[in-house]
Each structure stands twice: as structure tokens, then as C-alpha cells.
1. For the range 222-240, does any single residue satisfy the condition of being over 12 Å from the mean Cα position of the chain (by Cα) and under 29 Å from ALA104 (Cβ atoms)?
2. Identify all residues within the range 85-107 that are in a strand (DSSP E or B) and closer than 17 Å to GLY138 by Cβ; write none if there are none.
3. Restricting attention to strands (runs of 3 or more DSSP E) lying wholly within the range 274-343, give those where 2 or more residues are within 13 Å of LEU237 (Cα to Cα).
4. Yes or no: the range 227-245 includes at least one residue that is open to solvent by 10 Å² or more (accessible area, probe 1.4 Å) and part of a strand (DSSP E or B).
5. Is there a residue being assigned to a loop (DSSP other than H, G, I, E, B), under 17 Å from the mean Cα position of the chain (by Cα) and at pLDDT 95 or above anywhere in the range 141-162?
6. Looking at this structure, is LEU209 in a loop (DSSP other than H, G, I, E, B) and open to solvent by less than 30 Å² (accessible area, probe 1.4 Å)?
Amino acid sequence: MTETPLRLTELSHGGGCGCKIAPAVLAEMLGHMPAAQPFANLLVGTETADDAAVWRLNDEQALIATTDFFMPIVDDPFDFGRIAATNALSDVYAMGGTPIMALAIVGMPVGKLPLSAIGRILEGGASVCAEAGIPVAGGHSIDSPEPIYGLVALGLAHPDIIKRNRDARDGDLLILGKPLGVGILGSAMKKGVLDADGYAQMIATTTRLNTVGPALARLPGVHALTDVTGFGLLGHLLEVCRGAGLGATVAAAQVPVMAAAVPFAKQGIGPGAIARNLGSCGDDVRFDEGVESWQRNVLADAQTSGGLLVACDAEAAPAVLDAFRLAGFDAAAVIGRMHAGAAQLRVTA
């Protein structure tokens, strides 16, 4: 009798960045936190929902610090480790920084998951860090009822090129570096309806490091950067709007989506995070007639290791697109524009 292979996704109630607490719930939780004390060298803290904290070391260097971890989005241990590590390092790139070191965060059901599988998860994460040119210099592990893996990621950047959500400007174009649909493909995989090509598309995008971040941050006319992860494109763009005190318009037809995800989206397949993200947006997102329900779901789909979202002036857009494509992000596209007004989104067809 052949033993049924253990599926990582069966050991957890959620997967990838779809595990994130809904934006509205998170805001309520953090609303009871005491106000942060002023620190002259803290360049970026919790004020505007940026991707990482930033501390000025001196006139030439700022330290970027972040942490990200989640439960499995795929069943292959090595791929899970790769995706989680790529996702964690993305926050450093999204601030315009270059990673210098990582620490592993490991929580594993030791009695349920073979040690060989846990080892492969760690190897996957280490392989991505090696690709980024940094060591996994330590970490912490616990025996957990569900598998959890991620990194503390540290990076450096010049203080003058740090990109914050609040720095987007009226008239900026919005450019997205990776296609959407990761959460939808993950849900299709769990249902057993994702073919090999669809899985390959998901792995290719979730394990592609956003190394283009520092190059984008140095371009004249680039004002803000963030990465699109668990809150979906709508949620993370709303963070930019709120930080900058501006509105934004997005054209649904211009947003890149992985080809394999479209038929599943049209069938209504997707993670529960889609409904949570749409609910958290509330009245701050308005959809024009002609925006189909599947497109709304894609725009709210929880991305794991998603793309960089850039706000730049129109004159800088060609250089931004060139930087993306030179780095291998062929799907990069202009998807909308920032504009004066309330911190709300309008989605056109």
C-alpha cells in the first residue's frame, strides 16, 4: 500500500500573504497602541503603513528593518521556503534598499512534518538569500501546530532615496511590476484544478526577487514605492493614498494578470482574503459600471511575493518601465494615476 504524500497546505488553515489579518481589523488593533515617541533618527515608522522601518545610521546610510512570515501556500517544501524568503526581502527592495542579512523565523509541527521536509523549507529560503547575495545569519525556531516560515530582513540605503507611501504626488502615474493572481492560483491548487503550467506561472512570479527596487528609487521623478502583498492591489494602493492624502484612479483592463489565473477568477475561485480585503476597502473604493466581478476579485486578491508599485511623474514613466524590463519584469505596466482629492480609489473598466 502506497503512503499518501504529506501536503503542506493541509497542515495550515491559510497560506501565504492570504494569512494576513484584514486591513480593517489590523487598523482597529493598532488604534489602541500608544503614540510612538519621537526619535530623530527614525525616518520611517508605523505612521503611514510603509513596508519597513528605517533608521538613519549616518548621513550616507539608513538601516531598513522588516519581518515577514506565513504558512504554506504550496505543498513543495523547497518552493515554500523560496516564496517566503522572496516575499520577506521584497519589503527591503520596496523601500529602495539593498538587503545585507537575514534571520530565519521557523515554527514547525515537529511531530507531524518530517525533519527532511523542514530542512528543505530552510534550504529553499537560504537559496533565495544566496541569490540576493546575503547570509541567513541566525534565527529562532519553535514547535508550532502549523508550519510557519519567513525572515527578518535587514538592508541599507542612502537616506535620500528612501521611498515612503506619503511621498506620492498629484499627477503621478502608477506602474505595477508583476502580474496579479497569486492567491487565485493558490486556491486553484488547493482544489486540485491547477495544471503544471499554472503552477509554473505562480512559482516564477513568487520567487522573482524585486531587486529592481534600488534602481527605481534612484530614478529622478520616482516618488513612492510599495509592494503588493496580502491586502491586494486595492488595499496597498489605498495605503499610498492615505499616506499621501491623495486619490487614485486605476484602469482594470490595464492591470497585468497571470493568464492562468483569469479562468479561475471568472469561476469565482480565490482565497477568503478577497472578501476580507474588499470589505476593508469599504466606501473608499468605487467601481465604475463595466468593471466585472472577477476583475474586482483580482484587484483584491491577496498577493504573496507580489510586484512593486511605483508612483512617478509622467516624464519618468519610460525610464521606470525600462528598468523593470531590463530586470526581467516583462509584465510591468502603467495602471493608473494619482490625483488630488480624498484618499479614495476609483476603478474604471
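1. Checking the range 222-240: at least one residue is over 12 Å from the mean Cα position of the chain (by Cα) and under 29 Å from ALA104 (Cβ atoms).
2. Taking the range 85-107 as the starting set, the residues that turn out to be in a strand (DSSP E or B) are 98-107.
Listed by number, the residues that qualify are PRO99, ILE100, MET101, ALA102, LEU103, ALA104, ILE105, VAL106, GLY107.
3. Numbers: elements: 285-287, 308-312, 333-339.
Correct list: 308-312, 333-339.
4. Checking the range 227-245: not a single residue is open to solvent by 10 Å² or more (accessible area, probe 1.4 Å) and part of a strand (DSSP E or B).
5. First pass over the range 141-162, keeping only residues assigned to a loop (DSSP other than H, G, I, E, B): 144-147, 158, 162.
Imposing the further condition that a residue be under 17 Å from the mean Cα position of the chain (by Cα) reduces the set to none.
Within the range 141-162 (the criterion being assigned to a loop (DSSP other than H, G, I, E, B), under 17 Å from the mean Cα position of the chain (by Cα) and at pLDDT 95 or above), the answer is no, since none of the residues qualifies.
6. Details: in a loop (DSSP other than H, G, I, E, B): yes; open to solvent by less than 30 Å² (accessible area, probe 1.4 Å): yes.
Answer is yes for this residue.
The values are calculated or read from the model by the stated rules, or taken from the named source; none is laboratory data. All figures in this text were calculated on a predicted structure; none of them were measured in a lab. Note that we place each Cβ from the backbone using ideal geometry, even for glycine, and neighbour counts take in every protein chain shown. Protein only, heavy atoms only, side chains kept; ligands, DNA and RNA dropped before computing areas. Shrake-Rupley method; radii C 1.70, N 1.55, O 1.52, S 1.80 Å.
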